[in-house]
Amino acid sequence: MTDQLERDLAQMFARQADETDVPPVPLDLFTAETPTHWGRRAAIGLVAAAAVAAIAVPLGLNARNDDDVAPPTKDPDPVHGLELPYISQGELHIDDVSLPVDPNSWLEIAGSSVLVATSESDGTNIRWQRLVGQALEDLPHLDAVNSIEQSYDGALVAAPTGGQADSVRVWDTASGDVVDTFELATPPALEDPVMVGFDAAGFLYWHDGALLKARTPAGDVVTVDTGAGNFAGIAPGGILVRFGNSDTVTIGAVREDGSVSLGEQVPVSASATWRDTTTVAYQGVGTGGVYVFDATTGKQTEVTVPDRPYVLPVGWSGDELVVTAYGEGTAMDVVAVDPATGDQRRVFSFGTDVPYPFASIGGTGAL
């Protein structure tokens, strides 16, 4: 998430507000200090949800005519249990497993792999554990390592290393053995991250100056060729490629030689979470609503929560989309929604003065 994205969001909201007669967005949404370990992505997404909803709700914006709207129902009794891991009140929860963790811990998730990180209040002395069955296993070889990315099967982890983040190192997660180290010819600009992450096929991506590099599942290093398009992010099915100022990005499967096979298109969004390689839940740029989009069929379903105008996707629990939802002066409700039926259940609530319970999510490209 870059400073340019924040500027683009602010300009977009300002333009829409100028064009309509709407009340101003509460300034404290932008000036409030971000809660501990909420993460920049979560904070920007939350502000985006609030700002766009302030514009969209008074206008009574509806889904497009070709969109399906999931009929809202609400279970008045909270039902606990999510396949999506989260941390609440000093415990890691996943399915019916609850494990004690430091209250200031945070999560990194890829596929079925779950890592738990803990640090001092100033962000130093980072320590890592991984979830193995119903227990947490220490990973001492990753102590003090930041910006970790992990493979979907949990077998490998990678992170930038060196005093100037001038190399990328890959470890065997369980043993701690160093699998590969790649020197960067040119470290990327400060606002660009070195690491990008793994896709579901096992390709690892990182920036080397202006180039996008990839380690193939076979261990070879290739330069990724996006042709006339620009790299816009990563997805389970590969990379995301954007052409010009399009409001969609194209999923590209990277081949062993670095070439890219372009496939389905998905909408651009600052907050998105993938159920599989072609189904994504995202926050709409123009409406602020949350939608589930099937790239294979083009079908789009809007997800709403009664009496909660501000909604943000946070992940998937099986076929249920997990969202945070809140209204003016309310706590954050965590709600699991079945997009196919509209059935909903509230899992728990939390305040903005506690650590963010979920792992941060990315988007589908810069705006």
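The values are calculated or read from the model by the stated rules, or taken from the named source; none is laboratory data. None of the values given here were measured: they were computed from a predicted structure. All Cβ positions, even for glycine, are placed from backbone atoms using ideal geometry, and neighbour counts span all protein chains on display.
Quick notes
- Only one entry of Val322, Val314, Val334, Val354 meets the criterion of being assigned to a loop (DSSP other than H, G, I, E, B) and of a type in the set (Val, Ile, Thr), and that entry is Val354.
- Within segment 318-367, considering residues that are touching a helix residue (DSSP H, G or I) at 6+ places or on another chain (Cβ under 6 Å) and surrounded by fewer than 20 Cβ atoms within 10 Å (Cβ to Cβ), the one farthest from Leu115 (Cα to Cα): Leu367
- The residues of segment 198-230 that are assigned to a strand (DSSP E or B), modelled with pLDDT of 95 or more and within 18 Å of the chain's Cα centre (by Cα), listed by number, are Phe198, Leu204, Tyr205.
- Hits in segment 197-211 (condition: surrounded by 22 or more Cβ atoms within 10 Å (Cβ to Cβ) and either farther than 22 Å from Asp276 by Cβ or acidic (Asp, Glu) (or both)): Asp199, Trp206
- Of the listed requirements (1) farther than 15 Å from Gly362 by Cα; (2) among the polar types (S, T, N, Q); (3) touching a strand residue (DSSP E or B) at 6+ places or on another chain (Cβ under 7 Å), Ser269 misses just one: (1).
- Subset of segment 109-148 [closer than 20 Å to Phe198 by Cβ, part of a loop (DSSP other than H, G, I, E, B), in contact with a Phe, Trp or Tyr (Cβ under 9 Å, 6 or more places away or on another chain) and of a type outside the set (Val, Ile, Thr)]: Gly111, Ser112, Leu139
- Residues in segment 260-301 that are under 21 Å from Asp319 (Cβ atoms), polar (S, T, N, Q) and either outside any strand (DSSP E or B) or touching an Asp or Glu at 6+ places or on another chain (Cβ under 9 Å) (or both): Ser269, Ser271, Thr277, Thr278, Thr279, Thr296, Thr297, Gln300, Thr301.
- Taking the criterion of being surrounded by fewer than 24 Cβ atoms within 10 Å (Cβ to Cβ) and either at pLDDT below 95 or among the small types (Gly, Ala, Ser) (or both), the residues of segment 285-303 that qualify are Val285, Gly286, Thr287, Gly289, Ala295, Gly298.
- Qualifying residue in segment 169-187 (condition: in a strand (DSSP E or B), of a type in the set (A, V, I, L, M, F, W, C), modelled with pLDDT of 90 or more and within 20 Å of Val280 (Cβ to Cβ)): no
- Listed conditions (1) among the hydroxyl-bearing types (Ser, Thr, Tyr); (2) within 13 Å of the chain's Cα centre (by Cα); (3) part of a strand (DSSP E or B) are all met by Ser349, apart from (2).
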